[in-house]
Amino acid sequence: MIPILKDFWRGFVGGPELKFNMTHKFNLENKQLSITLPDSNVMAAPSSVDVHFPYSSKSWFENNTEESPDQHIYVHVFTENWMYLPVISMIPGDEFGMLSCQLRIKQTDKINVLDKQALAVFVIQAYNDFHNGPNGINTEIRQEITEQSSKKATPWTPEKLQEEIDGWIENRGKPLIPAAQMIKFNQNDWIFYQEVRSNRLSRYDYYCLPLSENSFLEVKFNYRVDRSDKFKKWEKHALASQELIMESISLAPIPLDQDNLLVDNTAKD
């Protein structure tokens, strides 16, 4: 099919173009992580990329972590982004949305990460504990709504109060998310879960793979939906791309001919 006709038939341009792939390799102590990603169609200034990640070192992790506003504390490995755009753009910034893929390393001493069932429970519990904890958005919402009720001439009944709280958490808080599940890609069993809300199309998909008793690799896919009326046009393509990217990931011993590229930064604490 002629490319322009294909674009009109699909209803979008952009996204991961699987014919323009690049394989990226990273040294995770004595293992080599390999992932094949399509080139990005997002203009960005070039930046240096580290290739050595002593994931089991607690001091290395503490010195290199990036902390987001939510429960995620991690060391960033690599990120790639792909925009989905209209076939004919009439105005600047008329994007349909963006898919991004980010590799990162996490640590925890709360479970044995090699126990994948424990990891599946842990990632969901970490989400719930943070957002319902002292500084969580759900706790803030509960306090606000409870205070509003107390100022009424006739405060809400406990049932009505809980209904209001649940509604506001669903609207602007962090509601419960589906249980994690195990999914196999390229002979590896990954723990998969989603941060998703019923009233928004944008979401995060996560895949977790144990590296040691206290650390794991996480692959995050971010579905940023800018135009909800166009999401169906590119969602199927993004999901298919996501699966192909996951199938491309491998973790194997570092080839002997690359040993001399390693630096002496893999000492464990």
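Could you go through segment 106-120 and let me know if any residue there is more than 30 Å from N63 (Cβ to Cβ) and out of contact with any Pro (no Cβ under 7 Å at 6 or more places or on another chain).
In the first step, residues of segment 106-120 are kept if they are more than 30 Å from N63 (Cβ to Cβ); the result is 117.
Among the residues that remain, those that are also out of contact with any Pro (no Cβ under 7 Å at 6 or more places or on another chain) are: 117.
Checked segment 106-120: at least one residue is more than 30 Å from N63 (Cβ to Cβ) and out of contact with any Pro (no Cβ under 7 Å at 6 or more places or on another chain).
What residue, among those in segment 189-205 that are among the acidic types (D, E) and over 14 Å from K174 (Cβ atoms), is surrounded by the most Cβ atoms within 10 Å (Cβ to Cβ)? Checking each candidate, the answer is D205.
Considered as a group, the residues in segment 35-51 that are surrounded by 15 or more Cβ atoms within 10 Å (Cβ to Cβ) and among the hydroxyl-bearing types (S, T, Y) include one that is modelled with the lowest pLDDT, and that residue is S40. Just the residues that are acidic (D, E) and within 25 Å of D94 (Cα to Cα), please, taken from segment 213-228. D226, the sole residue that qualifies. Screening S149 on (1) in contact with a Phe, Trp or Tyr (Cβ under 7 Å, 6 or more places away or on another chain); (2) free of Cβ contacts under 8 Å to residues at least 24 places away in the same chain; (3) under 26 Å from L244 (Cβ atoms) shows it passes everything except condition (3).
Evaluate the following for A118: is it without any contact (Cβ under 8 Å) to a residue 12 or more places away in the chain, hydrophobic (A, V, I, L, M, F, W, C) and either touching a strand residue (DSSP E or B) at 6+ places or on another chain (Cβ under 6 Å) or over 23 Å from Y55 (Cα atoms) (or both)? No; evaluated as a whole, the condition is false for this residue. Got at least one residue in segment 172-179 being in a helix (DSSP H, G or I) and in contact (Cβ under 8 Å) with a residue 24 or more places away in the chain? Checking segment 172-179: at least one residue is in a helix (DSSP H, G or I) and in contact (Cβ under 8 Å) with a residue 24 or more places away in the chain.
Considering (1) within 27 Å of K232 (Cα to Cα); (2) in contact (Cβ under 8 Å) with a residue 40 or more places away in the chain; (3) of a type outside the set (V, I, T); (4) in contact with an Asp or Glu (Cβ under 9 Å, 6 or more places away or on another chain), the lone condition that N214 does not fulfil carries the number (1).
Number of residues in segment 19-52 that are farther than 17 Å from S100 by Cβ, in a strand (DSSP E or B) and among the polar types (S, T, N, Q) equals 4. Being within 18 Å of the chain's Cα centre (by Cα), modelled with pLDDT of 95 or more, farther than 21 Å from S100 by Cβ and of a type in the set (G, A, S), is that true of even one residue in segment 217-238? No, segment 217-238 contains no residue that is within 18 Å of the chain's Cα centre (by Cα), modelled with pLDDT of 95 or more, farther than 21 Å from S100 by Cβ and of a type in the set (G, A, S). Contact map, segment 180-203: residues that are without any contact (Cβ under 8 Å) to a residue 12 or more places away in the chain and in a strand (DSSP E or B) paired with residues that are buried (at least 16 other Cβ atoms within 10 Å of the Cβ) and hydrophobic (A, V, I, L, M, F, W, C), Cβ distance under 9 Å, separation 6+ or inter-chain. Pairs shown: K184/W190.
The values are calculated or read from the model by the stated rules, or taken from the named source; none is laboratory data. What you see is a predicted model; the values in this text were computed from it and never measured. All Cβ positions, glycine included, derive from the backbone under ideal geometry; neighbour counts span all protein chains shown.
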